[in-house]
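Student: Below you will find the structure I want to go over with you.
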2 protein chains.
Amino acid sequence: MSLITSWLESANAPDTDFPLNNLPYGVFSLGGAPGRCGVAIGDSILDVAALEEAGVLSFQRTLTTGTWNAFMALGPAAWSALRSELTALLSETTETRAQVEAALVPMAQVRMQMPFRVSEYTDFYASRNHAFNVGSMFRGPENALPPNWLHIPIGYNGRASSVVVSGTDVRRPTGQLKGPDDDAPRFGPSQRFDIELELGAVVGTASEGPIDIRQAAANIFGYVLLNDWSARDIQAWEYQPLGPFQSKATATSISPWIVTAAALEPFRVPTPEREIELLDYLKEDGPSLYDIALEVAITPEGGTEQVLSRTNYREMYYSAAQQLCHHTASGCPMRVGDLLGSGTISGPDRESRGSLLELSWGGKEPIELDGGTTRSFIEDGDTLTLRGAAEGNGYRVGFGACTGKLLPARG
Amino acid sequence: MSLITSWLESANAPDTDFPLNNLPYGVFSLGGAPGRCGVAIGDSILDVAALEEAGVLSFQRTLTTGTWNAFMALGPAAWSALRSELTALLSETTETRAQVEAALVPMAQVRMQMPFRVSEYTDFYASRNHAFNVGSMFRGPENALPPNWLHIPIGYNGRASSVVVSGTDVRRPTGQLKGPDDDAPRFGPSQRFDIELELGAVVGTASEGPIDIRQAAANIFGYVLLNDWSARDIQAWEYQPLGPFQSKATATSISPWIVTAAALEPFRVPTPEREIELLDYLKEDGPSLYDIALEVAITPEGGTEQVLSRTNYREMYYSAAQQLCHHTASGCPMRVGDLLGSGTISGPDRESRGSLLELSWGGKEPIELDGGTTRSFIEDGDTLTLRGAAEGNGYRVGFGACTGKLLPARG
């Protein structure tokens, strides 16, 4: 597939995340006004709430709700319809062009808000390299993968109330800490605060009961970049026997743009070959991952940005469709706006690891930054940024940045 | 404290769960109409939505929303005000009596709905006898309690979408199963489906950042009975390393009535003496448990009801206030309608265990039922019922029943 050209020149630039092929959905605010549904196109945002109000789009009281949940709830036929209508409005010079131009807002002027209301948030553990790295650190490479890992897309429920949009500062958490040699736990600021580079799948279709694997992908509306901030020291002490809890509850940042499954369609790639055959309910009938290049960068306070890692969503062992299918296997109802984190995405090399825990190997091999400083975990004032894009022929379908700055712990 | 008498005679009966001292909040439906906020009193429900509409109460557009969330969001001053107004309307024979009588609906005629919209659901593991019993079965009595148990009110995030009101049938779940001697997992119906007798705390006050232990109790609006249906065989295979997931996602049933913290105030009792001193952030400055007698009963299909276990909420090691405090320690925002399950409540004796797993000791000591049948876990067609009440001087503050029938797995 190649670039779909727009009369809006900035949408045709080869380095924009937002060509007409993309059309990702977000919520923007101008000068502190309430959030409005918008679509990124080149260097601008198309105020689709205004277009709906003006009767230019075939929707009513949906895009004016300040969140994309109501639109998602309309279902796949509506998803296709809006994409077609927007493509026509922005590619052809029609009689509506003046109206459309009047609804364009420069991206540089807005503040982005949460693109959707997160119903519930689930986080998975489904990149094999990540699971192997973490398991190796704690149990040695022979016992790295838990016995269920090759059978189950392992997941746990996270906390929806802690999901924030890119640009929101994150406060270093406090919690119970106990090192392996400490006699007793103490309460204090986390000293091993980390990121997790993930992709989040946004569920667009509500369901009751188990979802068949052949249906699962169609229930996913789109994807966001996702940084699952993690306090490794709180996690190490709390997580047995019921899993991570407060170590994961401080914040999870997402990109302001939902890139739709429709926009990612040309970039489908298969899940990797299975070492052990999956049970039938998890067997996919087509390629369900995407070729999306991902990176993590760090900017120390007052310093310059530096990329720490580059990886790809195709490194996943389980797809979002498989995760959704497993999530509902025992009857769990899903709702519009459920968010499924892929799990940390790590590639096979040191330079493709998706967390500082892996990059610094638990702090034993600190990462060297430009200017001679090092990092094992995040320091106060550091800004962490995720980026991601699928690369087409002369264009890219990108997510924009997912960024957050770490503030010191409460005094 | 003694009975507050009402002009409604059924509210003065010594065996009613709903004297004037109680005034629990629920949502009822008459003849399939949309749900309405109501208050249980004796054998009736007071249609407080109708009283609000009639201007008898000092609230507007709050009790007519079909859920108690909007009322909870008004905060503690409003909580006290409504309780005072209802107490006056039902205890004194005022000029409004005819209006109040007209708003009474016989409880036998209604169908109860969810009393509130669950924002997020967290389940804890905070009864020492339960943790000891389960730990003994899996690791032996010497290693029964995990090393963090006496320091942390251990919890994990559950699934709000799976919370249902009493009376909702529950479908036996399917999932991945692997016995200790099986070579590989298989997919099928759970064979070890269980209940967990719990009390759920309903968060009534939203918060950002850590909640001080001295504030935590005041943020809890009230309590419900809670049955955390659990598939033990799915859990055994899935829960390492990130905790229970699909084993807990089938359903969690709650009582239709929220008994307010105000109604339970006379029944406060302290948490037990600590074997190990708690960290300061978890130290309570007053009694924060309640003396609430609890029981579990089973009714086989076509059979008669039989009590399996009797226990008490005072058996908890950690209170809901301590759980809420810990829940927010690393910065987790809480919202109105968050639900915190206490964790299975087991007493010290065999007859006071809060799950079939414990009652049948993992299936090794099946429970004998009247009529010569036995149970290790729940069988299709069984109805499980939780009941609970605090016993006052000549009156009881009860929750009504929390019941659910197990349907066979999907065909």
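Student: For the protein assembly as shown, treating each Cα as an identical point scatterer without solvent, what Debye log10 I(q)/I(0) comes out at q = 0.06, 0.07 1/Å?
Tutor: For the protein assembly as shown at q = 0.06, 0.07 Å⁻¹, log10 I(q)/I(0) is -0.40, -0.54.
Student: For region A:9-113, just say rounded, prolate or oblate: build the C-alpha gyration tensor, square-root its eigenvalues into a ≥ b ≥ c, call rounded for a/c under 1.5, and beyond that prolate if a/b exceeds b/c, oblate if not.
Tutor: Working: a/c = 1.39, a/b = 1.09, b/c = 1.27.
Verdict is rounded for region A:9-113.
Student: When the solvent-accessible surface of protein heavy atoms is calculated with a 1.4 angstrom probe, in what order do A:ASP183, B:ASP349 fall, highest first?
Tutor: A:ASP183, B:ASP349
Student: May I ask you to give the solvent-accessible area per residue for region B:9-113, in square angstrom, as obtained with a 1.4 angstrom probe?
Tutor: Accessible area per residue: 43 Å².
Student: Then there is this: How far is A:PRO266 from the same spot in each other copy, in nm, shortest first, if each label point sits 7 Å from Cα toward Cβ?
Tutor: Spacings between copies for this position, smallest first, are 7.3 nm.
Student: If you don't mind, another one. How much length is gained if the chain between A:SER29 and A:ARG335 is pulled fully straight, taking 0.36 nm per residue apart and subtracting their Cα-Cα distance, in nm to one decimal?
Tutor: Details: separation 306, 0.36 × 306 = 110.16 nm, distance 2.61 nm.
Contour length minus the Cα-Cα distance gives 107.6 nm.
Student: Still on this structure, I have one more. Just to confirm, what accessible area per residue do you get for region B:121-407 at 1.4 Å probe, in whole Å²? Present the calculation step by step, with values, prior to reporting the outcome.
Tutor: Details: 9310 Å² over 287 residues.
Accessible surface, normalised per residue, equals 32 Å².
Student: Defining the label point at 7 Å along Cα→Cβ, can you sort the distances from B:SER29 to the same site in each other copy, shortest first, in nm?
Tutor: Here the equivalent label points are 3.7 nm apart from this one.
Student: Run the numbers on region B:224-343 and let me know its relative contact order in percent, using alpha-carbon pairs under 8 Å that are six or more apart. Display every interim value, and only then the final one.
Tutor: Values: 134 pairs, mean separation 22.8, N = 120.
Answer for region B:224-343 is 19 percent.
Student: May I pose another question? Nearest the rotation axis from A to B, which residue of chain A has its beta carbon, and at what whole-angstrom distance?
Tutor: So the chain A residue sitting closest to the axis is A:GLY243, 1.
Student: Let me ask something additional. Can you order the peptides A:355-366, A:191-202, A:289-300 by their average number of other Cβ atoms within 10 Å per residue, highest first? Walk me through the numbers before you get to the answer.
Tutor: Numbers: A:355-366: 18.9, A:191-202: 26.2, A:289-300: 20.5.
Answer by packing, highest mean first, reads A:191-202, A:289-300, A:355-366.
Student: Of the residues A:THR93, A:THR16, A:THR311, which exhibits the maximal mean-square fluctuation in a Gaussian network model of chain A defined by a 10 Å Cα contact cut-off?
Tutor: Maximum among the listed residues: A:THR93.
Student: Tell me the label-point distance for the pair B:GLU142, B:ALA102, using the 7 Å Cα-to-Cβ offset, in nm and rounded to one decimal.
Tutor: Computed distance between label sites B:GLU142 and B:ALA102 equals 7.4 nm.
Student: For chain A, with a Gaussian network of springs between Cα atoms less than 10 Å apart, report the residue from A:GLY343, A:GLY243, A:GLY38 with the top mean-square fluctuation.
Tutor: Residue with maximal mean-square fluctuation among A:GLY343, A:GLY243, A:GLY38: A:GLY243.
Student: To the nearest 100 Å², how much accessible surface do chains B and A hide from each other in total, with a 1.4 Å probe?
Tutor: Details: alone 17330 and 17310 Å², together 29670 Å².
By this definition, chains B and A bury close to 5000 Å².
Student: In whole Hz, what ³J(HN,Hα) sequence does region A:92-102 give by Karplus (6.51, -1.76, 1.60; θ = phi - 60°), x for Gly and Pro?
Tutor: Karplus-based 3J(HN,Hα) across region A:92-102 equals 9, 8, 9, 5, 8, 3, 4, 5, 5, 4, 5 Hz.
Student: What's the FRET efficiency of A:THR299 with B:ASP212 using the Cβ-Cβ distance as r and R₀ = 41 Å, to the nearest 0.05?
Tutor: Numbers: r = 34 Å, r/R0 = 0.83.
That gives a FRET efficiency of 0.75.
Student: Just to confirm a number: summing +1 for Lys and Arg and -1 for Asp and Glu over residues other than B:PHE245 whose beta-carbon lies under 13 angstrom from that of B:PHE245, what do you get? Walk me through the intermediate numbers first.
Tutor: Numbers: positive: B:ARG159, B:LYS248; negative: A:GLU120, A:ASP123, B:ASP123, B:GLU238.
Surrounding charge for B:PHE245 is -2.
Student: Using a 1.4 Å probe on the heavy atoms of the protein chains only, list every residue of region A:169-191 that has 20 Å² or more less accessible area in the complete assembly than in its chain alone.
Tutor: A:THR174, A:GLN176, A:PRO185, A:PHE187
Student: Among B:THR87, B:THR271, B:THR373, which one shows the biggest mean-square fluctuation in a GNM of chain B, springs joining Cα atoms closer than 10 Å?
Tutor: The residue with the greatest mean-square fluctuation here is B:THR373.
Student: Roughly how many whole Å is it from the C-alpha centroid of region A:1-33 to that of region B:361-411?
Tutor: That distance is 58 Å.
Student: Residues of region B:289-334 that become at least 40 Å² less accessible with every protein chain present than in their own chain isolated, using 1.4 Å: which are they?
Tutor: Output list: B:HIS326, B:ALA329, B:SER330, B:CYS332, B:PRO333.
Student: Oh, and also: Return the average number of partner chain Cβ atoms within 10 angstrom of each residue Cβ along peptide B:146-156.
Tutor: Numbers: counts 4, 4, 8, 2, 0, 7, 8, 1, 7, 5, 9.
Partner-chain Cβ atoms within 10 Å, mean over residues of B:146-156: 5.
Student: Counting only protein heavy atoms and using a 1.4 Å probe, what share of the accessible area of region A:209-343 belongs to carbon plus sulfur, as a whole percent? Don't jump to the answer; show the numbers that get you there.
Tutor: Working: 1880 of 3910 Å².
Roughly 48 percent of what the probe reaches on region A:209-343 is carbon or sulfur.
Student: Give me the count of lysine pairs in region B:121-407 whose alpha carbons sit under 29 angstrom apart, restricted to pairs 8 or more positions apart or on different chains. Don't skip to the answer; put the middle values down first.
Tutor: Working: B:LYS178/B:LYS248; B:LYS178/B:LYS364; B:LYS178/B:LYS405; B:LYS248/B:LYS364; B:LYS248/B:LYS405; B:LYS364/B:LYS405.
Summing the qualifying lysine pairs gives 6.
Student: When the Cα centres of region B:79-124 and region B:293-359 are compared, how far apart do they sit, in Å?
Tutor: 25 Å
Student: Follow-up. If you add up the charges near B:THR93, with Lys and Arg at +1 and Asp and Glu at -1, over every other residue whose beta carbon is less than 15 angstrom from its beta carbon, what do you get?
Tutor: Details: positive: B:ARG97; negative: B:GLU9, B:GLU92, B:GLU95, B:GLU101.
With Lys, Arg at +1 and Asp, Glu at -1, the net is -3.
Student: With the contact rule set at Cα under 8 Å and sequence spacing of 6 or more, what percent relative contact order holds for chain A? Please list the in-between numbers first.
Tutor: Values: 1025 pairs, mean separation 87.8, N = 411.
Relative CO of chain A lands at 21 percent.
Student: Which percent of the accessible area of region B:2-74 is formed by carbon and sulfur heavy atoms (probe 1.4 angstrom)? Could you put the intermediate results ahead of the total?
Tutor: Working: 1340 of 2620 Å².
On region B:2-74, the fraction of accessible area on carbon and sulfur atoms equals 51 percent.
Student: Further question on the same structure: Along its three principal axes, how long is chain A when you only count alpha carbons? Whole Å, largest extent first please.
Tutor: Principal-axis extents of the Cα atoms in chain A, largest first: 73, 53, 36 Å.
The values are calculated or read from the model by the stated rules, or taken from the named source; none is laboratory data. Every value quoted in this text rests on a predicted model; they were computed, and no experiment measured them. As a convention, Cβ positions derive from the backbone with ideal geometry for all residues, glycine included, and neighbour counts pool all protein chains shown. Calculation scope for accessible area: heavy atoms of the full protein, side chains included, ligands and nucleic acids excluded. Shrake-Rupley method; radii C 1.70, N 1.55, O 1.52, S 1.80 Å.
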